[in-house]
Structures are given as structure tokens and as C-alpha cells.
Amino acid sequence: MTIPTPTSNGAAGLGGGAIPGLPDEATLARLAGEFFAALPGAPEGQRALPLLQGEGRGEDGVLRTAPSPSLDPIPHPASPLKGEERLGPGVPEAYAAALPRVSLPQPPVAAPAFVPGSAHYFQGEASPHLAAAPLPEAENRVAAQSFGLPGEAELHGFLADIARERAPVPESPAAAHGGSFYFLDSLESPGRAPEAGPTARPPFDVNAIRRDFPILAERVNGKPLVWFDNAATTHKPQAVLDRLAWFYAHENSNIHRAAHELAARATDAYEAARQKVARFLGAASASEIVFVRGATEAINLVAKTWGAQNIGPGDEIVVSLLEHHANIVPWQQLAADKGARIRVIPVDDSGQILLDEYRKLLNDRTKLVAVTQVSNALGTVTPVREIVELAHRAGAKALVDGAQAVSHLRVNVQALDADFYVFSGHKVFAPTGIGVVYGRKELLEAMPPWQGGGNMIADVTFERTLYQPAPNKFEAGTGNIADAVGLGAAIDYVERLGLENIARYEHGLLAYATHGLSRIPGVRLVGTARDKASVASFVLDGYRTEEVGKALNEEGIAVRSGHHCAQPILRRFGLEATVRPSFAFYNTCEEVDKLVEVVRRLARGKGRGLG
């Protein structure tokens, strides 16, 4: 092997000479071998590894390698140690300068306490160890960093082309389909100056982010996977996968009810996730956060506890035409059981709620208003703050379905003044089977338990049962502990990227896709509200939605085709189904181009005969 040698300007070169004052190559190789032989776990008598990757020469001068020592599954950063710490006691610092830095194997972790310098940012979360060793900000979340916005030049380029093409006609492409997208207007303004100074956009590197999602390397029908089904479920970053693996390898236990170490670790991790959700939603307290299986179970919980307790004959429940079936059916069941009535807020031709019509529905019989913040079928962002305020003026409570909102928008339940807010973890890059009910503390305390069993009780006799305070009284039995912890890791990841950065990038993608699809003859965009999240539902003349979905799948592109569990809103537009591409921050303009090209090919008639 070669040893770096000084060059004329003092920099290390790559020649084969020796460094003045240091031992020769053979001595250095021997020292390195002795160092690696002393590592924990090295088999006795095994020839040690000189330098990196087992490189070294034997006495006969032949280059040989030896087996690598076992390393952690997640590499730890190289330790910036001094010479004696790196090579052993008594070895001069000068020797260390001639050797590369290495990542040393780590001993088994005996407890979940955070160890400064550990690659596992989640170790010790919510544990008393943090008081003594605060988590450094640089290691408090996932490893993903902010970089430069990829595709930004392309976005501005195509939008400039749009502006030139439309100079004589002020109408936007969205207007031609029944609406005016605010994000197209803002990006298309010909005289819009670039942002600078403190208001400039933070950099954002989608290519670096994509490397955090292993499934994006999958191939479908021999083509790279393009995941445009994010409104159905989102993929999981490596940080979430690692957190789940760590939980099951080091913390797995039931929570709250044992005095042993693993129960303490699991309880710390579970309650830390609750605290993260409370911060994520802007709740006043972690005791306002109840873990459930998803948004559907969350709405059912409210319907069967608060609803059963507070809704009676003649009372009215107001929902919007935009709702997912999960925010319709539980209220229908409750109304049928109690003799109450469901009233529906209509929408305009763009798919936005008609606030004036909503005002007319409110009266002294209105007990609950339950609305989505973002439509899963159309992407419409509803004016929930005004909806909640008007509900409160009428003396009603308000529930907001945030399943489609939390991955795209900054949410603050106190600013919204919502009484209840629900969402599913799998919509925000967390595992399936975990969801959240936020409820005002005074409401949760007054509500009866939903299910009975362990974990939610304070004392049980055959004569009576005393319940735990909220949120525990709503979490009967063994909960989905690991996936709650995974949800906490997903929230860490999203917050590290920044929801404002995510929203900007996704709106750029939506503008790009809206422009591309709107220029294809026969495409009808469905849902053209001015305020939208990243959903681009459409239908194509001459094709069933499943035919379009099949053609896209053949190119590795995943979209949802069907009614999206939102039949009432599609029927408002005279449809039973749409094709629904939905975007996330790991999607790219190049992927949108592939989608548009397939739809354009179908529109030209080259795809007829599918299905």
C-alpha cells in the first residue's frame, strides 16, 4: 500500500515515500494490525485488519485482505479521537495523522438512554436521562437535510412559457376548467420578483430526500416505481423503519403496568410519541391526544362517546358534500339511533364549500359540525377556521377530519379552535394502524369510555369500575405501541424537512401537473378550487378510469382510480369515479412528465383496447 507523503506545499501527496520522523510502511501496517486485533469481538489468533477494508501486505509483499469486523446495522459516525484514543495508550499522536479515521464497532446498548454522538436520534426520548444530557439539536431528528430545490428552474421555465402563451388572454388554465388556482396565479405572475433576503425559500433537495425512502427504488413492470397514490397512503422513510426495528429489538414490552426496565423503555417511547403529536398539532397538553387505529376509528370514537352523550331527537349534525365516507357513515348511524338529522353543506362548481349556504344551515338545533380540512377526492382546502367559528356561534361543537391535511399543511388546533381533530398516521409517512384523536381536555374528561378492559381502569370490583383520566380511559387494552412510536419518528422527519418547505414544493408539483394535464384534449380536471392540496383528479374522454389506471400501472405509475370513498362529491359532478394522482414531497417533475405522456398517448387513441 502507499502512505501519504508531504508535497512541496505541505499537503499530503500519494507518493510511496516515508514521512520524515515516522516509522516505515511495515511498522505502520503492524501498528494498525495490532490496533484492529485489539477491537472488541475480534477472534483470538485471527490476523487483524490493517487500515481500511482489510488492506495490507504480508511479509512476502503480496496484498491480502482479512474478514471485516462486525459493525452495527446503522453505521456510527467516525469518532474524532486523539491519537492515544484511536491507537491505544502510548502511541504518539503523529501516527494517527497517517491513518484514516474509521467507524468503530459499538458495544451493545444496555439501556435506552441517549448517548451523545449516537446515530439513533430516538434513544432516550422522554426519559429522565435527557435532563442530564440534553439532546443536541443536530441529532434530535432524522438525518435528512435541506438542500437546493430541484426542478425549480424547470417550474419557472414552463410557467414563463405559459405566461407568454397567454399574454393576450388573462384567464388561467384552471379557469377554463371551472376554477382559478391560487398557486398557479402566484407562480405565473410575469412581473413577480424572485424571493431574496430573510423571506427567501429555504433550499430543498428532493433527490436527497428520495434516498430516505427505500421503496422508491422498487420497479413495477420493469419500470421505476412512480408513487402517485399518496392520498391513499404514504411511504415510510428509513428513519421510521429504523425506529420500529429499534423498538422491537431493544424496548418491546407492554406499557404502564410493570416495574421492569423494558416496560419503562416502552412507556417512555410511547408517551414521547404522544408529546410529539401534541406539539405537531399545537395542542395545549399531551393529555388531549388519544391514540387509535386511524381517522376512521377516531371519528367513530367521538360519535359513540361524545355523540351518544350529547345528540338527541331532533338535533342536527352538519357535514359537507366533500366528506370521506368515514365522516358520513358514523354520523348517519348516530342520527338513526338518536332520531337526529344530517344536513349537508353544498359546494360550488370548483369544489369549494359555499359558506353562505352553510350559514343558512346553522340553528339552535345544530349540535355538531364535522368537516374535512382537505378533500381526499378533489384536494380542496376548506375554510375550516371560518367553519369552526360559525359552528361555535351557533352553540355547536366542531370536528375536523385532518387525514389529508397533516402531511401538507401546518396545523394548529388551538388556532383553528377545533373541539376535535383526527388524522391517520399512514397519511403522514408513519405506519398503518395508528391514528389520533385530539379533543379539548374538558370534553375528553366529560366523555364516557368507548371500550372497557385493561389499561383504562383505576380500580375494578364486581360492584363498580373507576376509570383512568383522559387519554388513558379511551385506550383500553394493549395499544399499538410500536406504531405509535413510529408515528413519533415520522413527525420528527416531517418537522425536520419543514411543512412550509413541503407545501411550497408540493404546490409547485401540483401546478406543473395541472398545466400538463389541462393541455391534453379530452381531459377534464375534477376539483378546481382556488385553494388546493396536491391532488389532481381527472377523467379522460373515451376511457373508463380503470383503463387509465391500468395503462399508467404498465409504466410503473401508481394512481388511484375509483370513487375514493367519497361518492357524494363525485356524483355532484356527474361522475362515479375519477383517476386520482396525488403527490408528496418525494415526487418529481420528471415523474409528472411520465404521467402526462401516458395520458396524452391514450388521448391520441394509441391506448384503446385496454381492459
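Odds and ends about this structure:
- Neighbours by Cβ (under 8 Å, 6+ apart or cross-chain): first from the range 463-479, within 12 Å of Arg257 (Cβ to Cβ); second open to solvent by 90 Å² or more (accessible area, probe 1.4 Å) and of a type outside the set (Val, Ile, Thr): Gly477/Gln451
- You will find that of Ala263, Ala258, the residue that is free of Cβ contacts under 8 Å to residues at least 40 places away in the same chain and open to solvent by 10 Å² or more (accessible area, probe 1.4 Å) is Ala258 and no other.
- Residues of the range 464-475 that turn out to be surrounded by 18 or more Cβ atoms within 10 Å (Cβ to Cβ) and part of a loop (DSSP other than H, G, I, E, B), as a count: 3
Quick grid of which residues meet (1) under 28 Å from Val535 (Cβ atoms); (2) in contact with a strand residue (DSSP E or B) (Cβ under 8 Å, 6 or more places away or on another chain); (3) not charged (D, E, K, R):
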residue	(1), (2), (3)
Glu323	yes, yes, no
Gln332	yes, yes, yes
Gly339	no, no, yes
Asn363	no, yes, yes
Thr372	yes, yes, yes
Ala394	no, yes, yes
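- A search for C-beta distances below 7 Å between a residue of the range 272-292 that is on the phi > 0 side of the Ramachandran plot and touching a residue at least 24 places away in the same chain (Cβ under 8 Å) and any residue that is open to solvent by less than 10 Å² (accessible area, probe 1.4 Å) and outside any loop (DSSP other than H, G, I, E, B), counting only pairs 6+ apart in sequence or on different chains, returns Gly282/Val413.
- Any chance Thr478 is of a type in the set (Val, Ile, Thr), open to solvent by 10 Å² or more (accessible area, probe 1.4 Å) and either in a helix (DSSP H, G or I) or out of contact with any Ser or Thr (no Cβ under 9 Å at 6 or more places or on another chain) (or both): yes
- Just one of the listed residues (Ala273, Ala283) is in a loop (DSSP other than H, G, I, E, B), among the aliphatic types (A, V, I, L, M) and either modelled with pLDDT under 95 or buried (at least 22 other Cβ atoms within 10 Å of the Cβ) (or both), namely Ala283.
- Within the range 508-534, considering residues that are touching a Ser or Thr at 6+ places or on another chain (Cβ under 7 Å) and in a helix (DSSP H, G or I), the one farthest from Val381 (Cα to Cα): Leu509
- Subset of the range 571-590 [surrounded by fewer than 22 Cβ atoms within 10 Å (Cβ to Cβ) and not in a loop (DSSP other than H, G, I, E, B)]: Arg571, Arg572, Cys589, Glu590
- Qualifying residue in the range 540-559 (condition: part of a strand (DSSP E or B) and within 22 Å of the chain's Cα centre (by Cα)): yes
- Taking the criterion of being farther than 22 Å from Glu386 by Cα, β-branched (Val, Ile, Thr) and not in a helix (DSSP H, G or I), the only residue of the range 299-338 that qualifies is Ile311.
- Looking across the range 451-462, just one residue is at positive phi and either free of Cβ contacts under 8 Å to residues at least 60 places away in the same chain or open to solvent by 70 Å² or more (accessible area, probe 1.4 Å) (or both), and that is Gly453.
- Of the candidates Asp492, Asp541, the single residue that is among the acidic types (Asp, Glu), out of contact with any helix residue (DSSP H, G or I) (no Cβ under 6 Å at 6 or more places or on another chain), at pLDDT 95 or above and open to solvent by 30 Å² or more (accessible area, probe 1.4 Å) is Asp541.
- Within the span defined as the range 446-453, one or more residues are in contact with a strand residue (DSSP E or B) (Cβ under 9 Å, 6 or more places away or on another chain), more than 30 Å from Tyr248 (Cα to Cα) and modelled with pLDDT of 95 or more.
- Among the candidates Ile317, Ile345, Ile289, residue that is in contact with an Asp or Glu (Cβ under 9 Å, 6 or more places away or on another chain), β-branched (Val, Ile, Thr) and buried (at least 16 other Cβ atoms within 10 Å of the Cβ): Ile345
- Restricting the range 381-422 to residues that are in contact with a Lys or Arg (Cβ under 8 Å, 6 or more places away or on another chain) and assigned to a strand (DSSP E or B) leaves a set whose member that is farthest from Ala490 (Cα to Cα) is Lys397.
- Check on Asn252, open to solvent by 50 Å² or more (accessible area, probe 1.4 Å), among the polar types (S, T, N, Q) and on the phi > 0 side of the Ramachandran plot: no
The values are calculated or read from the model by the stated rules, or taken from the named source; none is laboratory data. Small disclaimer: the values here were computed from a predicted structure and weren't measured. No Cβ is skipped: glycine too gets one built from the backbone with ideal geometry, and neighbour counts run over all protein chains shown. Quick note on the areas: whole protein, heavy atoms, side chains included, nothing else; ligands and nucleic acids left out. Shrake-Rupley method; radii C 1.70, N 1.55, O 1.52, S 1.80 Å.
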